[in-house]
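Undergrad: Next up is a structure, given as structure tokens.
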Amino acid sequence: NGFVPGNRSPPSLPSLPIIGSLLSLVSDSPPHIFFQQLQKKYGDIYSLMMGSHKILIVNNHHHAKEVLIKKGKIFAGRPRTVTTDLLTRNGKDIAFGDYSSTWKFHRKMVHGALCMFGEGSVSIEKIICREASSMCEVLTETQNSAVDLAPELTRAVTNVVCALCFNSSYKRGDAEFESMLQYSQGIVDTVAKDSLVDIFPWLQIFPNKELRILRQCVSIRDNLLQKKYEEHKVDYSDNVQRDLLDALLRAKRSSENNNTSSQDVGLTEDHLLMTVGDIFGAGVETTSTVLKWSIAYLVHYPQVQRKIQEELDNKIGKDRHPQLSDRGNLPYLEATIREVLRIRPVSPLLIPHVALQDSSVGEYTVQKGTRVIINLWSLHHDEKEWKNPELFDPGRFLNEEGDGLGCPSASYLPFGAGVRVCLGEALAKMELFLFLSWILQRFTLEMPAGKPLPDLQGKFGVVLQPEKYKVIAKLRADWEKSPLMQHC
Ligand code: HEM
Ligand code: PLO
């Protein structure tokens, strides 16, 4: 009938001159929910204008996979925005950097460094267990009092990524750690939120509180990164590779010895610093956020917590610590982690992608330069794919017999997919499994008497964070007697 796929424009929101601001002004809902609501009127895939930029919003998994996997390379670009440019020295990092040979090279380097730790003598597992153990000691001390676990969870996660990036770690109360917590929260609160300056860059010339905070926080972060870099240069040796920063330094030196300009291969000091900055930042903010969500849900659903503990008691007992090789034997814990990542995805809109050439999604044409937002929230809350998507039910990830994992829907991409898939997926999964199994083997998490349960809505930003809450970590029956209490 003359229909050619890919020659139609997607439904489009009325293009008002300031539609960008309209999004945040017209709706009380955060963008991922608002974009999900707009599906009713415009369908699963629609476009809108933010300032002069055309944005395509994708709300179902078929189209999402076409963008991320089938046409992954075409949609592998990243937009430049005022706030991410400030954070990354104009896109010299991996996550917000555009598709280029430099970007590919740095992704490969990080991948290599992460693999080295998997096989190397100090395996990631050992590092995570060391931190889990130290965290459990602190929880034992603060037992029975209401505490915000966030700082301790974050310190544990930070130390894992610190070991990976800088071969260092932080003690409790370390001033540098406290300052990192502060600047990082400041960055999360202000970067990549599609605020007005990102839509209308000329607004930068006016005083802007958020931008001022971002500049301040980035400058504190940059000083920290620079310090680590200088320290590494001093005791660097070609023969030992202690961490990611050493791996990057080695690549830089070898390119310099071969007389290739570091500019050409993207191994300038800026690029090195921004790559470690990404891994350090992502390593800290993502995993700690998921741990905070997990604990919030566990106190809301004590029956889920009990079931995980039963599984831990049956499969591991109280005489030894959980280890990575137990992962296959603890399907209910694994299912709970998957359900947390479904119901509260860390990155509900992923990071925007950009079409590097003219292309299409489904039956619609997409012009080069269009920004594509994958609404992971819609994928994870799609009623056609998930029964009662708002309900927290780890059981949905189990097979029919309930003794192993199943795959309930293809509409599940917590780490993205394709060319831009998360670089830390394997690391994050190891951490989530080990930290949660260590905690729940020993402690039961409860709300302090008379306090309301944690809020489950979340604050939208570059990561979807839960609001602060306090819980009580109660040592489980018989734990004082466990041999693990003596030498943990
Ligand atoms: C990108 C999720 C942990 C490093 C991403 C993306 C998502 C994601 C959704 C964007 C994919 C896209 O734009 O298409 C998560 C979740 C985590 C997690 C749910 C924890 C549970 C980590 C960790 C690291 C990391 C621990 C570091 C070791 C990165 C990097 C990118 C990325 C570097 C950018 C990749 C690129 O643009 O090429 N992650 N992440 N992530 N993640 Fe993660
Ligand atoms: C978190 C705050 C840090 O201070 C800087 C930083 C670097 C990398 C970012 C991360 C922040 C937030 C989560 C991001 C990560 C890169 C990939 C990851 C965006 C801003 C996700 C989930 O996509």
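Undergrad: Test of understanding: among LYS252, LYS307, which residue is away from ligand 1 (no atom under 16 Å from the Cβ), over 30 Å from ARG344 (Cα atoms) and in a helix (DSSP H, G or I)?
TA: The match here is LYS252.
Undergrad: List pairs: first in segment 400-424 and within 16 Å of GLY97 (Cβ to Cβ) and open to solvent by 30 Å² or more (accessible area, probe 1.4 Å), second within 12 Å of ligand 2 (Cβ to nearest atom) and among the acidic types (Asp, Glu), Cβ under 8 Å, 6+ apart or cross-chain?
TA: none
Undergrad: Still on this model: Among the residues that make up segment 247-265, is at least one of them open to solvent by less than 70 Å² (accessible area, probe 1.4 Å), out of contact with any strand residue (DSSP E or B) (no Cβ under 7 Å at 6 or more places or on another chain) and over 17 Å from MET109 (Cα atoms)?
TA: yes
Undergrad: Follow-up. Please specify each residue of segment 447-475 satisfying the condition of being farther than 30 Å from GLY186 by Cβ and surrounded by fewer than 17 Cβ atoms within 10 Å (Cβ to Cβ).
TA: Listed by number, the residues that qualify are ALA449, GLY450, LYS474.
Undergrad: Let me ask something else. Read through the list (1) of a type in the set (Val, Ile, Thr); (2) at pLDDT 95 or above; (3) within 16 Å of ligand 1 (Cβ to nearest atom); (4) crowded, with 18+ Cβ neighbours inside 10 Å, then give the number of the only condition that THR444 fails.
TA: (3)
Yes or no, residue by residue, for (1) open to solvent by less than 60 Å² (accessible area, probe 1.4 Å); (2) modelled with pLDDT of 95 or more:
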residue	(1), (2)
ASP319	no, no
VAL346	yes, yes
TYR364	yes, yes
HIS380	yes, yes
LEU391	no, yes
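Undergrad: Every residue in segment 25-62 that is surrounded by fewer than 19 Cβ atoms within 10 Å (Cβ to Cβ) and part of a loop (DSSP other than H, G, I, E, B), please.
TA: SER27, ASP28, SER29, GLY43, GLY51, SER52
Undergrad: Now for a separate question. Tell me, please, whether a residue that is under 17 Å from SER294 (Cα atoms) and away from ligand 2 (no atom under 16 Å from the Cβ) can be found in segment 422-433.
TA: The answer is yes, given that some residue of segment 422-433 is under 17 Å from SER294 (Cα atoms) and away from ligand 2 (no atom under 16 Å from the Cβ).
Undergrad: What are the residues in segment 444-470 that are in contact with a helix residue (DSSP H, G or I) (Cβ under 6 Å, 6 or more places away or on another chain) and in a strand (DSSP E or B), if any?
TA: Result: LEU445, GLN465.
Undergrad: Looking only at segment 3-24, how many residues end up being at pLDDT below 70 and surrounded by 19 or more Cβ atoms within 10 Å (Cβ to Cβ)?
TA: Qualifying residue count, segment 3-24: 2.
Undergrad: Going through segment 255-287 one residue at a time, which ones are in a helix (DSSP H, G or I) and more than 16 Å from ligand 1 (Cβ to nearest atom)? Break it down stepwise before answering.
TA: Initially, segment 255-287 is screened for residues in a helix (DSSP H, G or I), giving 255-257, 262-265, 269-287.
Those that are in a helix (DSSP H, G or I) and more than 16 Å from ligand 1 (Cβ to nearest atom): SER255, GLU256, ASN257, SER262, GLN263, ASP264, VAL265, GLU269, ASP270.
Undergrad: Something else: With the requirement that a residue be in contact with a Phe, Trp or Tyr (Cβ under 8 Å, 6 or more places away or on another chain) and surrounded by fewer than 17 Cβ atoms within 10 Å (Cβ to Cβ), what does segment 91-142 give you?
TA: The answer is SER123, SER133.
Undergrad: Here are some residues: ILE316, ILE279. Which one is in contact (Cβ under 8 Å) with a residue 60 or more places away in the chain and more than 16 Å from ligand 2 (Cβ to nearest atom)?
TA: Just one listed residue meets the conditions, ILE316.
Undergrad: To continue, here is another question. For residues that are at pLDDT 95 or above, of a type in the set (S, T, N, Q) and outside any helix (DSSP H, G or I), scanning just segment 81-127, find the one that is farthest from ligand 1 (Cβ to nearest atom).
TA: Only one residue fits best here, namely ASN90.
Undergrad: Further question on the same structure: Applying the selection to segment 447-473, what residues are over 26 Å from the mean Cα position of the chain (by Cα) and closer than 11 Å to ALA296 by Cα?
TA: MET447
Undergrad: Quick one: is ALA156 surrounded by fewer than 21 Cβ atoms within 10 Å (Cβ to Cβ), of a type in the set (Gly, Ala, Ser) and either at pLDDT 95 or above or within 16 Å of the chain's Cα centre (by Cα) (or both)?
TA: no
Undergrad: Still on this structure: Residues in segment 426-441: is at least one among the small types (Gly, Ala, Ser), outside any helix (DSSP H, G or I) and open to solvent by less than 50 Å² (accessible area, probe 1.4 Å)?
TA: No, there is no match, as no residue in segment 426-441 is among the small types (Gly, Ala, Ser), outside any helix (DSSP H, G or I) and open to solvent by less than 50 Å² (accessible area, probe 1.4 Å).
Undergrad: Here is a follow-up. Please go through segment 337-356 and pick out each residue that is within 11 Å of ligand 2 (Cβ to nearest atom) and not hydrophobic (A, V, I, L, M, F, W, C).
TA: Residues satisfying the conditions are PRO345, SER347, PRO348, PRO352.
Undergrad: Any chance you could count how many residues in segment 220-246 are open to solvent by 60 Å² or more (accessible area, probe 1.4 Å) and in a helix (DSSP H, G or I)?
TA: 7
The values are calculated or read from the model by the stated rules, or taken from the named source; none is laboratory data. Everything numeric in this text was worked out from a predicted model, so none of it was measured. For neighbour counting, all protein chains shown are included, and Cβ atoms are generated from backbone atoms with ideal geometry for every residue, glycine included. What goes into the accessible areas is simple: the full protein's heavy atoms, side chains included, and nothing from ligands, DNA or RNA. Shrake-Rupley method; radii C 1.70, N 1.55, O 1.52, S 1.80 Å.
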